[in-house]
Structures are given as C-alpha cells and as structure tokens.
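Q: The following block contains the structure, expressed as structure tokens.
Quick note: the coordinates plus some simple rules give every number you see, no bench work behind them. Please read all numbers here as calculations on a predicted model, not as lab measurements. All Cβ positions, even for glycine, are placed from backbone atoms using ideal geometry, and neighbour counts span all protein chains on display.
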Amino acid sequence: MSRIGKKPIPLPKGVTYAIEGNTVRVKGPKGEVTTHMPAGVKLEQNDGVLTVVREDDSKAAVHGLVRALVNNSVEGVTRGWTKDLDIVGIGYRAEMKGKGTVVFTLGYSHQIEYPLPAGIEVTVDPKQTHLVVSGIDRQKVGFVAAEMRSLRPPDPYKNKGVRYSDERLKKKVGKTGAK
C-alpha cells in the first residue's frame, strides 16, 4: 500500500470538490483548480476528510500521485502557492510592465519581456532584485518560476543570474585556481 496514497486529505471549510469524468474540480476561497484523475482510482469523503482509494494493486503506481495532486489542489485554493526568485548581478533587474508582463534586464543586449499566464501573479520588490511568483496551481507556479530562472541560470563561477531564494550554489574556482 502506498504510504502517501493512504494519507487522508483534510477538507477545510469552504472547499468543495466535484468529479466530472476523469477530472477533479476543487473550488475554494481563492479560486478553482482542475486535476486529471486516472481510471481505477476514486475519492471518498468521510467526516470532512478525503481519502484516495484504488480498485486493485495494478493502480498502485498512480495511487500516491493522485493523492498528492488532489492535496496540492486543496492547499492551492485555500492558501495558494509561492516561489521566491532572486536576481544577482550588477545591472540585473526585473520590473512589471502593466499587470501581465515582467521585463527582465539580465546583461543581454536586449530586455526580455515575459508575459504571465492566466492565474499567475508576480510581485517585484522596490530594489527590483527579488520576485515572488504566486498562484493557486502548484504546477503552473513552479513552471513559471523555472522558466524565469532559465532566462539567465546561475553561473557557478561568478554566482550571477536568476536563482530560487532557497537555492545554494557551490562556487567553482576559475582556471587560475586550478593547477
């Protein structure tokens, strides 16, 4: 039995779910998230708690996955998800252009305009070197943060670039230090 799959999912007040075919629609105070649910796995609600039940052991591979996805949806519509990014480097910065575009200056000959997908919000601090990507869909928040990081990945020699705030880099020695 999957250890993650048999964990119950607490349903806070104000959160409802509906199963339509092979999708689960979770509604809450912050919005609505849909999640794909494969065949052979179903949700049961008892005393304000959701449990994921599989039909037989052939669905063991997706048992824990479905539980994690539904739990992420429930947490997303109640609290939301955030990813923090730091921009390190002289002259490197980001700024908002309107409500749906982030403009990056990352040492290239041009500025990079990144349009935000629906449901994602970005806040930039006044120093323009710290971004907070937030939304209710965990996969979308992580994808947008990863795409922003890939615009200028952190350099292991100079430690410049866009990185996650909790990311620790191991600085490499240049060619003068390696003999």
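Q: With Cβ to Cβ distances under 13 Å as the rule, what net charge do the other residues near ARG93 carry (K, R +1; D, E -1)?
A: After counting each charged neighbour, the total is +1.
Q: Taking square-rooted eigenvalues a ≥ b ≥ c of the alpha carbon gyration tensor, is the range 133-179 rounded, prolate or oblate, where a/c under 1.5 means rounded and, failing that, a/b exceeding b/c means prolate?
A: The shape class here is prolate.
Q: Please compute the length gained on full extension between THR129 and LYS99, using 0.36 nm multiplied by the number of residues separating them and subtracting their Cα-Cα distance.
A: Stretched out fully, the THR129 to LYS99 stretch lengthens by 9.0 nm.
Q: Would you list, by chain and number, the lysines whose Cα falls below 26 Å from the Cα of LYS171, excluding same-chain residues fewer than 8 positions away?
A: Within reach: LYS83, LYS127, LYS158, LYS160, LYS179.
Q: Let me ask something else about it. So how tilted is helix 60-78 from the main axis of the chain? Cα-based, degrees 0 to 90, rounded to 10.
A: For 60-78 against the chain, the angle is about 70 degrees.
Q: If I fit a long axis through the Cα atoms of helix 138-150 and take the longest principal axis of the Cα atoms of the chain, what angle between them do I get, 0 to 90°, rounded to 10?
A: Between the helix axis and the principal axis of the chain, the angle is about 20 degrees.
Q: Right, next: What Kirkwood Rh does the range 9-78 have if only Cα atoms enter the pairwise 1/r average? Answer in Å.
A: Taking every pair of different Cα atoms in the range 9-78, averaging 1/r and inverting gives 12.1 Å.
Q: If you don't mind, another one. What three numbers, in Å, describe the spread of the alpha carbons of the chain along their principal axes, ordered from the longest?
A: Principal-axis extents of the Cα atoms in the chain, largest first: 61, 47, 24 Å.
Q: So, one more: Would you list, by chain and number, the aspartates and glutamates whose Cα falls below 15 Å from the Cα of LYS6, excluding same-chain residues fewer than 8 positions away?
A: Partners within reach: GLU44, GLU55, ASP56, ASP57.
Q: Between THR51 and GLU167, what is the label-point separation in nm under the 7 Å Cα-to-beta-carbon projection?
A: A separation of 4.1 nm, rounded to one decimal place.
Q: Something else now. If you take every residue apart from VAL124 with its C-beta less than 10 Å away from the C-beta of VAL124, what net charge results, scoring Lys and Arg +1 and Asp and Glu -1?
A: With Lys, Arg at +1 and Asp, Glu at -1, the neighbours total 0.
Q: Could you work out the relative contact order of the chain, using alpha carbon pairs under 8 angstrom and six or more residues apart, expressed as a whole percent?
A: Reported relative contact order: 18 percent.
Q: Is any residue of the range 28-50 close enough, with backbone N under 20 Å, to a label point placed 7 angstrom from the Cα of LEU65 along the Cα-Cβ axis, and if so, which?
A: Of the residues in the range 28-50, 34-44 have backbone N under 20 Å from the label point off LEU65.
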